[in-house]
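To keep things clear, I will list the structure first and then write my remarks on it.
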Amino acid sequence: MSESDRTSPDDVSVEELQLATRNHGTPLEALAYPVTPVGLHYLLIHYDIPRVDARNWTLDVGGSVGQPLSLSLDDIRARPAVTVPITMECAGNGRALLAPRPVSQPWLIEAVGTAEWTGAPLAELLEQSGLLDETVEILFTGLDRGYEGGIEQCYQRSLPLAVALAGDALLAYEMNGEDLPPQHGAPLRLMVPGWYGMTNVKWLSGITALKEPFDGYQQTEAYRVHASDDDPGEPVTRIMPRALMVPPGVPDFMSRERFVELGPCVIDGRAWSGWGAIERVEVSADGGHTWGAARIGEQLSNSAWYSWSYVWEPNGPGTYELCCRALDSAGNQQPSSTRWNTKGYVNNEVQRVPVTVTSQPAEVQT
Ligand SMILES: Nc1nc2c(c(=O)[nH]1)N[C@H]1C(S)=C(S)[C@@H](COP(=O)(O)O)O[C@H]1N2
Ligand SMILES: [Mo]
């Protein structure tokens, strides 16, 4: 690569590329599927995918419980099961749009997907374990290990007791009707509807009732929104609203800029929020100066995204900037730009899609 290819301050480092090639996003055209096919669903894996033999694997439930449990996968499969479409989004979605770019998985806006998760409700299992009164949080431990911030660790995250008992959290062993694939946490993972992706611990090996809040790396160092390194920050919790469109027309190979032929153009997409219902989705064709209301379609489940569509009638050939934004029932609206934070979390600023409208159908090379 010549030097002139490497002089931009926007350069992506090799370390970011390593992460980006391991952890792929959901291509935006896949927003067309109400349920994201498994191979198109985004992935985020901090360390390595662990080798797990489901036949010898157990889930150990312990800590401040009256009745510790050690369960096989068959034990968990024998429990009453539910299947729910759940929209999951990574808390780092939008990170690479921040300037300066926080160095981590360089997501643009494609770290979201919706799958049908099948599993056993978490609350019932916790109740059977006889939680002691002093319990304040439930800790979830994954089998994957690595170093992060100089600390060797298994991936671990906790939930406040009330959230763990709220009733919609699942111990999931199937995704879209098939056994969980290795990359999505086989044989068992946690799924907590409405919470950002990091909550949903994969390759689950332990559930521990805690009498004190968990202070491990993924809780107190990572997944906090810090304005600066000495700001203690706020924990990342539920998913802020976002609308995404399927970019219309056809892309340019390198820039991925869009080309659309003149005429009415149907724009469609998905919108979701972990704080409530989607009340409004709006579309702008002039970079966010003026907005029109999109038609909101069905929501796949209480825990999943809505479909939406909008008919855009460009005035004539030329360049446009399409934008979309969502408003939820808790009053959260997507901003035109987000407050920068050190680790690049929760950037739900509006999507921007540059489009060139052409007057003639392009000559197509076949
Ligand atoms: N054990 C474990 N669980 C994990 C992770 C991980 O690295 N290890 N990544 C988390 C993050 S940050 C996200 S966004 C989701 C991604 O889930 P997916 O790869 O199935 O889409 O898993 C979460 N659960
Ligand atoms: Mo994530």
Revision key, fill the gap. Once phi for every residue in region 313-322 is put through the Karplus expression 6.51 cos²θ - 1.76 cosθ + 1.60 (θ = phi - 60°), the whole-Hz ³J(HN,Hα) values, with Gly and Pro written as x, are 10, x, 5, x, x, x, 9, 9, 10, 7
Review point. Which shape class, rounded, prolate or oblate, goes with region 184-252 when its Cα gyration tensor gives a ≥ b ≥ c as root eigenvalues, a/c under 1.5 marks rounded, and past that a/b bigger than b/c marks prolate?
Key: oblate
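For S359 and T220, compute 0.36 nm times the residue count separating them, minus their Cα-Cα distance, and round to one decimal in nm. Mind showing how you got there, number by number?
Values: separation 139, 0.36 × 139 = 50.04 nm, distance 5.46 nm.
Answer, rounded to one decimal: 44.6 nm.
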Point to revise | the chain: most fluctuating residue of T290, T36, T141 per GNM, C-alpha cutoff 10 Å | key: T290
Review point. Ratio of region 224-276's C-alpha Rg to 2.2 N^0.38 Å, to two decimals?
Key: 1.83
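In the chain, once you exclude exposed trypsin sites (Lys or Arg not before Pro) (DSSP loop, at most 16 other Cβ within 10 angstrom), what's the longest stretch remaining? Kindly include the intermediate steps, with their values, before the conclusion.
Working: sites that count: R51, R55, K211, R256, R339.
Value returned for the longest uninterrupted segment is 56-210.
Suppose R0 equals 51 Å; then what is the FRET efficiency for E313 and D60 from their Cβ-Cβ distance, rounded to the nearest 0.05?
Numbers: r = 60 Å, r/R0 = 1.17.
For E313 and D60, the calculated efficiency is 0.30.
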Revision key, fill the gap. Averaging 1/r across every pair of distinct alpha carbons in region 97-214 and inverting yields a Kirkwood hydrodynamic radius, in angstrom, of 15.6
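Which of H289, H226 has the fewest other C-beta atoms within 10 Å, and how do the rest follow up to the most?
Final ranking by Cβ density, sparse to dense: H289, H226.
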**Study point:** GNM result for the chain, Cα springs below 10 Å: residue of E349, E221, E313 fluctuating most strongly
**Key:** E313
**Study point:** Extension gain from D230 to S337, taking 0.36 nm per residue of separation minus the Cα-Cα distance
**Key:** 36.2 nm
Practice item. Report the charge-dipole magnitude of region 1-142 in Debye, nearest 20, computed about the Cα centre from +1 at each Lys and Arg Cβ and -1 at each Asp and Glu Cβ. Key: 260
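Between rounded, prolate and oblate, where does region 131-175 land on the alpha carbon gyration tensor, with a ≥ b ≥ c its root eigenvalues, rounded for a/c under 1.5, else prolate if a/b exceeds b/c?
Values: a/c = 3.01, a/b = 1.45, b/c = 2.08.
The shape class here is oblate.
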Exercise for review: Starting from the Cα gyration tensor of region 4-89, multiply each eigenvalue by 5, take the square root, and state the resulting semi-axes largest first in whole Å.
Suggested key: 38, 21, 12
Check your understanding: How large is log10 I(q)/I(0) at q = 0.12 Å⁻¹ when the Debye formula is applied to the Cα atoms of the chain, each weighted equally and without solvent?
Key -> -0.93
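Which value, in debye to the nearest 20, gives the size of the charge dipole of region 185-273 about its Cα centre, when Lys and Arg are +1 and Asp and Glu are -1 at the Cβ?
On the way: 9 positive and 11 negative charges, 105 e Å.
Dipole size: approximately 500 debye.
How high is the relative contact order of the chain, in percent, counting Cα pairs under 8 Å that sit 6 or more residues apart? Intermediate results must be reported in sequence, preceding the final value.
On the way: 873 pairs, mean separation 63.7, N = 366.
The normalised contact order for the chain reaches 17 percent.
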Point to revise | Leading residue at positive end of dipole, region 235-366 (Cβ point charges), from G287, S309, P235 | key: P235
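Work out, step by step, the length gained on full extension between T290 and W275: first 0.36 nm times the residue separation, then minus their alpha carbon distance; give nm to one decimal. Before the final figure, lay out the partial values.
On the way: separation 15, 0.36 × 15 = 5.40 nm, distance 2.60 nm.
That works out to 2.8 nm of additional length.
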Review point. When the helix-only estimate is applied to the chain (DSSP H runs of n ≥ 4, each -39,500 (n - 2.57), divided by the residue count), what is the mean residue ellipticity at 222 nm, nearest 500 deg cm²/dmol?
Key: -1500 deg cm²/dmol
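Using the Cα centre of the chain as the reference point, and only Cβ charges (+1 on K/R, -1 on D/E), how large is the resulting charge dipole? Debye, rounded to the nearest 20. Working shown, then result.
On the way: 25 positive and 47 negative charges, 64 e Å.
Charge dipole of the chain: 300 debye, to the nearest 20.
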Review point. Any idea what diffusion coefficient region 176-334 gets from Stokes-Einstein, in µm²/s, Kirkwood Rh on alpha carbon pairs, 10 °C, 1.306 mPa s?
Key: 84
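Can you figure out the FRET efficiency of V35 with A166, using R₀ = 25 Å and their beta-carbon distance, to the nearest 0.05? It would help to have the intermediate numbers written out before the result.
Values: r = 24 Å, r/R0 = 0.94.
For V35 and A166, the calculated efficiency is 0.60.
Let me make sure I get this right: for region 83-132, a, b and c are the square roots of the gyration tensor eigenvalues over alpha carbons, sorted descending. Under 1.5 in a/c it's rounded, otherwise prolate if a/b > b/c, else oblate. Which is it? Intermediate values should be presented prior to the final figure.
Details: a/c = 6.08, a/b = 2.19, b/c = 2.78.
Verdict is oblate for region 83-132.
Grab the beta carbon distance between E212 and V12, set R0 = 56 Å, and tell me the FRET efficiency rounded to 0.05.
Details: r = 40 Å, r/R0 = 0.72.
So the FRET efficiency works out to roughly 0.90.
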Point to revise | Percentage relative contact order, region 130-275, counting C-alpha pairs under 8 Å, at least six apart | key: 22
Revision key, fill the gap. per DSSP, antiparallel bridges as share of beta bridges in the chain, % nearest 5, sits at 90
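Every number here is computed from the coordinates shown, using simple stated rules; none is lab data. Not measured: the values here are computed from a predicted model. Every residue, glycine among them, receives a Cβ derived from its backbone with ideal geometry; neighbour counts consider all protein chains shown.
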